[in-house]
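Data block below; observations after.
The values are calculated or read from the model by the stated rules, or taken from the named source; none is laboratory data. Just so you know, these numbers come straight off a predicted model, no measurement behind them. Methodologically, a virtual Cβ is constructed for each residue, glycine included, from the backbone with ideal geometry; neighbour enumeration extends over all protein chains shown. Ligands, DNA and RNA are excluded from the accessible area calculation, which covers all protein heavy atoms including side chains. Shrake-Rupley method; radii C 1.70, N 1.55, O 1.52, S 1.80 Å.
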Amino acid sequence: MEVITRMVADRPVVIFSRSTCCMSYTIKTLISGFGANPTIYELDEIQNGQQVERELHKMGCKPSVPVVFIGQQLIGGPNQVMTLQVKNQLAPLLK
């Protein structure tokens, strides 16, 4: 969890993703569409990606990507993000 905490520190929006994951692409596109400029970690492209993925899994993120943090708070995976979007609660979080 320490690794995740360092990666999201001082960053308003962070997305843990995999470059080949279509759901990751969808979530990145949705969040960027609100004008947010998220920090994106492609776990299949960074050196400690497998370790980060294991830590996300331990935090309860299943599947382990995509995972979104807003304001250093874990929002969750695609289901949680899309639920916020449907309830019109995602945009206020990003502003």
Query - Label-reachable residues, region 33-55, where backbone N falls under 14 Å from a point 7 Å from Gln85's Cα toward its Cβ - result: 33-36
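As an exercise, use a Förster radius of 22 Å and the Cβ-Cβ distance of Lys62 and Met1 to find the FRET efficiency, rounded to the nearest 0.05. Provide the component values of the computation, followed by the final result.
On the way: r = 16 Å, r/R0 = 0.72.
So, using R0 = 22 Å, E works out to roughly 0.90.
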Report task. Return the long-range amide H neighbours of Ile75 (sequence gap of 5 or more, or a different chain), with a cut-off of under 5 Å between placed amide H atoms. Result -> Val68, Phe69, Ile70
Query raised in the report: With θ set to phi - 60° and the Karplus curve 6.51 cos²θ - 1.76 cosθ + 1.60, what are the ³J(HN,Hα) couplings of region 44-55 in order, to the nearest whole Hz, using x for Gly and Pro?
Result: 8, 10, 9, 4, 9, x, 5, 5, 4, 4, 4, 5
Query - Matching label, P(r) over Cα pairs in 10 Å bins from 0, in percent computed from the structure shown, candidates (i) 13, 27, 22, 15, 10, 7, 4, 1, 0; (ii) 17, 56, 26, 2; (iii) 15, 47, 31, 7, 0 - result: (ii)
Report task. Run down the lysines and flag those whose C-alpha is under 23 Å from the C-alpha of Lys95, throwing out any fewer than 8 positions away in its chain. Result -> Lys28, Lys87
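Percent of accessible area on the chain owned by carbon and sulfur, 1.4 Å probe?
Working: 2880 of 5640 Å².
Carbon plus sulfur share of accessible area: 51 percent.
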Query raised in the report: Each residue of region 3-13 in turn: what ³J(HN,Hα) in whole Hz from Karplus with 6.51, -1.76, 1.60 and θ = phi - 60°, glycine and Pro shown as x?
Result: 4, 4, 4, 5, 5, 9, 4, 6, 10, x, 9
